[in-house]
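Input: a single structure, listed below in structure tokens.
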Amino acid sequence: EPARTRITIGVAVALLIVLCVVYLGRPHSGESGSVASVDAVGGLVVAATAPPATISPAAHDGRIQFATQTEKARLVYRSLDYGLHWSPTSAPVAEWTRIAVSALGQNVTAAAFGQPIYCSYDYGQTWAATATPSARWISLAMSLSGQYQVAVAGYNSGGETADDMAIIWTNTTAAVYASSTYGQSWASVSFKGLESFGTAVFSVGLSSTGQYQTAVANTHSVLGEYNNGFRVSSDYGKNWFISPVDAHEGALWKSVAMSASGKLQVVVGLYVPIYVSTDYGLTWNARAETPSNFWTWISLSTSGVRGTAVSFTEVYTTEDSGASWIKSMTGLPSTESWVVSDMSPDGSRQALAGIHVGLFVSLDYGKAWNWSATRLSSNEWSCVAVSR
């Protein structure tokens, strides 16, 4: 009988210890706890950090947004209320050019001139430099989970500002880097047999999983060669092939975006109409009726049905996968400085940035815009990113 009593007491003590460990290990109200997360191939990669108490878990509705500055304060800002109010993060002062965020807002990657790439794994609260070159980063893309990322580094030709290099004038590329580890490690992309194309890449777009990737380049590479097509990958960037594009030699491609599946893709640039692919980037068709040929940026909803195209002077939206475009300038000032936009999964929440005009938000699919309620320290904005 005493032996049975000792066993019973031992079991009870063991259960109590287990319960204490479980309780103490879980995040409580107001805490930022961590739990292990497993990537698509089953490897333990990044600790999933519980969002701060001020962040809703339903961040995929576009609630969490980030924005970068190139001039003056040169900070990375974060909004937790659909872009209505902004506050600076702890990211270092730098000439920030691009930023990307994962679906829930936890993984954030930012790029600047003369700096390595920086990553945050806790919703932009803390930042760490990665083992990447201190380059002139001009493009950045991320899969929805944040596992797959691609960054483009431009040549230092001297004299250009971040506005020039990241927005319009660059036509050569020093290198393209990719990460499949949430930005923890990076490797140079060779394009395997298409190496010369890499000298002209300006923008890369990824599908939600990162499986489909499309790289667009300015038509003249550093060697003076004419690039008559985009480069497309369907295996997470391991292999690339040419996707012919019927565009004139003076085209300067600026931005590519795609639906979550990667089936619908849209590319914009200078001196060309908007180009659309409905077969994962295999073939492309120009939308001859597009009202501008001086485009700087394109963003799409996850379905690809809604999109926003930005030119220097105007903003246009589509509700039919790029078949037609409608001017959307309600609430926007007249300027020649619009550069970048992004949107929530369904396109209902959008953010828009300009070099000299500040940040604007839309809560109605880009039909009307409102200037951000927060008076920020600078109007020199280079990029915005919206959680999905």
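One line per residue, one yes/no per condition, for (1) at pLDDT below 90; (2) open to solvent by less than 60 Å² (accessible area, probe 1.4 Å):
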| position | (1), (2) |
| --- | --- |
| M258 | no, yes |
| V267 | no, yes |
| I274 | no, yes |
| T278 | no, no |
| S292 | yes, yes |
| T302 | no, yes |
| T308 | no, yes |
| T335 | yes, yes |
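Which members of segment 112-141 meet the condition of being assigned to a strand (DSSP E or B) and closer than 16 Å to Q69 by Cα?
A112, F113, G114, Q115, Y118, R136, W137, I138, S139, L140, listed by residue number.
Is it the case that N227 is at pLDDT below 70 and crowded, with 23+ Cβ neighbours inside 10 Å?
Criteria met by N227.
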Within segment 298-313, restricting to residues that are of a type in the set (A, V, I, L, M, F, W, C) and in a loop (DSSP other than H, G, I, E, B), the one that is nearest to L332 (Cα to Cα) is F312
The residue that is modelled with the lowest pLDDT, considering only those in segment 64-75 that are more than 18 Å from L104 (Cα to Cα) and of a type in the set (A, V, I, L, M, F, W, C), is A73
Reported set for segment 101-111 where residues are open to solvent by 10 Å² or more (accessible area, probe 1.4 Å) and part of a strand (DSSP E or B) is V101
Those residues of segment 365-376 which are open to solvent by 50 Å² or more (accessible area, probe 1.4 Å) and modelled with pLDDT under 90 amount to W371, A373, R375
Here the residues within segment 337-364 that are surrounded by fewer than 20 Cβ atoms within 10 Å (Cβ to Cβ) and within 15 Å of W295 (Cα to Cα) are S337
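The values are calculated or read from the model by the stated rules, or taken from the named source; none is laboratory data. Being a predicted model, the structure only gives us computed values, none of them experimental. Counting neighbours? That spans all protein chains shown, and the Cβs are built from the backbone with ideal geometry, glycine included. Just the protein is used for accessible areas: all its heavy atoms, side chains included, with ligands, DNA and RNA removed. Shrake-Rupley method; radii C 1.70, N 1.55, O 1.52, S 1.80 Å.
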